[in-house]
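Read through the structure below, which is laid out as structure tokens, and then see the notes.
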Amino acid sequence: MSASRRVIRHLAFAGAVAALCAPVAATITITAETTVPAVMLEKGRVTGHAAEKVHEIMRRAGLPYTIALMPWKRAITLAHTNPNTCVFMTTRSLERETWFHWIGPISQADWVLYGRADRQYNIRSLDDARGLRIGAYNGDVRGEFLREHGLNVEFVQNDDSNPRKLMLDRIDLWVNSTRSSRAVLARVGLTGKIVPVHTYRMVKLYLACNAATPDADVARMHAALRSMEADGSYKAIEQRFEYLQTAPLVNP
């Protein structure tokens, strides 16, 4: 065999070995909680206006991933403590800022205090809610915000418990958002019996990835989102789910 052929074979073998040894991108686990119409399970697939944006971000970024639905406290804790883990839809706060890389916003939400429809309330600011018992659920930044501002907040494991507690006078108010409260109230059969009393904040929501996520992966996700905004697909996803954001939800 000639020297040139030996060199070619050696280079080909070295290239094959390098390809086999090249690092394979780790699968990113993305956690979330069910929040209709942003995140929901349909026919075994996680969908919704926020979930579809995440699917498209990851597809354009070329990153392998899975989405797992779970209670919110567990979802955000896993993303905070585990490498190659992200969570959505997440609100930025001073405490959380250094926990994650922030990709977004992918949605927005209002923070609303709810009360019973058969009661009169005079709440024009959070100061007017001082001394009242406010229901929230574990890990929810809305309730944590209220507690940090000196309000009396009672946390529960499952947010479905809060409307029931409100109707039983075990709490005085319940904190949620316009979008997610509609689904909760329909699920527990209390649509129309609990109404918004005071909106105290508007926030942007993000896909938040563990701080150890490689910068290159984060950059690809940012670029994917920017391209979605530029070509109109971000808005198109929102429009696909508009009917769920405005249509009345019926009690199951």
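Rule-based calculations on the coordinates, nothing more; no lab input. No experiment lies behind these values; they were computed from the predicted model shown. Backbone-built Cβ (ideal geometry, glycine too); neighbour counts: all protein chains shown.
Most exposed first by the Cβ proxy, i.e. fewest other Cβ within 10 Å, how do 95, 33 rank?
95, 33
How large is the charge dipole for the range 110-202, taken about the Cα centre, if only the Cβ atoms of Lys, Arg (+1) and Asp, Glu (-1) carry charge, to the nearest 20 debye?
Around 260 debye, computed over the range 110-202.
Please return the longest stretch of the chain lacking exposed loop sites, where trypsin sites (Lys or Arg not before Pro) count only if DSSP places them in a loop and at most 14 other Cβ atoms lie within 10 Å.
So the longest stretch without any such site is 44-118.
Multiply the residue gap between residue 216 and residue 233 by 0.36 nm, knock off their C-alpha separation, and tell me the result in nm, one decimal place.
So the chain would gain 3.8 nm between residue 216 and residue 233.
Output the 0 to 90 degree angle, nearest 10, between the alpha-carbon long axis of helix 3-21 and the longest principal axis computed from the alpha carbons of the chain.
Helix 3-21 sits at roughly 20 degrees to that axis.
At a 10 Å Cβ-Cβ cut-off, how would you order 52, 42, 144, fewest neighbours first?
42, 144, 52
What list of ³J(HN,Hα) values in whole Hz, one per residue of the range 183-198 in order, does the Karplus curve 6.51 cos²θ - 1.76 cosθ + 1.60 (θ = phi - 60°) give from phi, with Gly and Pro shown as x?
Once rounded to whole Hz, the list reads 5, 4, 5, 5, 5, 9, x, 10, 4, x, 9, 10, 9, x, 10, 7.
Which entry in [x] 1.36; [y] 1.28; [z] 0.97 is this structure's computed Cα Rg over 2.2 N^0.38 Å?
Derived directly from the coordinates: [y].
Quote to one decimal, in nm, the extra length available between residue 117 and residue 169 on full extension: 0.36 nm per residue of separation minus the C-alpha distance between them.
Difference between extended and current length: 17.4 nm.
Quick one: 184, 197, fewest Cβ neighbours within 10 Å first, how do they rank?
So the residues, fewest neighbours to most, are 197, 184.
Can you pull the Rg over Rh of the range 110-202, Cα-only, Kirkwood?
Dividing the radius of gyration by the Kirkwood radius yields 0.91.
Helix 215-231 sits at what angle to the longest principal axis of the chain, using alpha carbons and giving 0 to 90 degrees rounded to 10?
Once rounded, the angle reads 70 degrees.
How far is helix 49-61 tilted, in degrees, relative to the longest principal axis of the Cα atoms in the chain, given as a value from 0 to 90 rounded to the nearest 10?
Once rounded, the angle reads 10 degrees.
Report the gain in length on full extension from residue 178 to residue 199: 0.36 nm times residue separation, minus Cα-Cα distance, nm rounded to one decimal.
6.6 nm
Per 5 Å bin, what is the whole-percent P(r) computed from every C-alpha pair distance within the range 173-226?
Result returned by the calculation: 4, 14, 19, 13, 9, 10, 12, 12, 7, 1.
Taking just the alpha-carbon atoms of the range 60-163, what radius of gyration and Dmax come out, in angstrom?
In order Rg, Dmax, the Cα atoms of the range 60-163 give 16.5, 53 Å.
Search the structure for amide H atoms under 5 Å from the amide H of residue 106, placed 1.01 Å from N in the peptide plane, and list their residues when 5 or more places away or on another chain.
Under 5 Å from the amide H of residue 106: 205, 206, 207.
Sketch the reach of a paramagnetic label on residue 41 as a point 7 Å from Cα along Cα-to-Cβ, and name the residues of the range 47-84 whose backbone nitrogen lies under 13 Å away.
From the range 47-84, the list is 47, 67-71.
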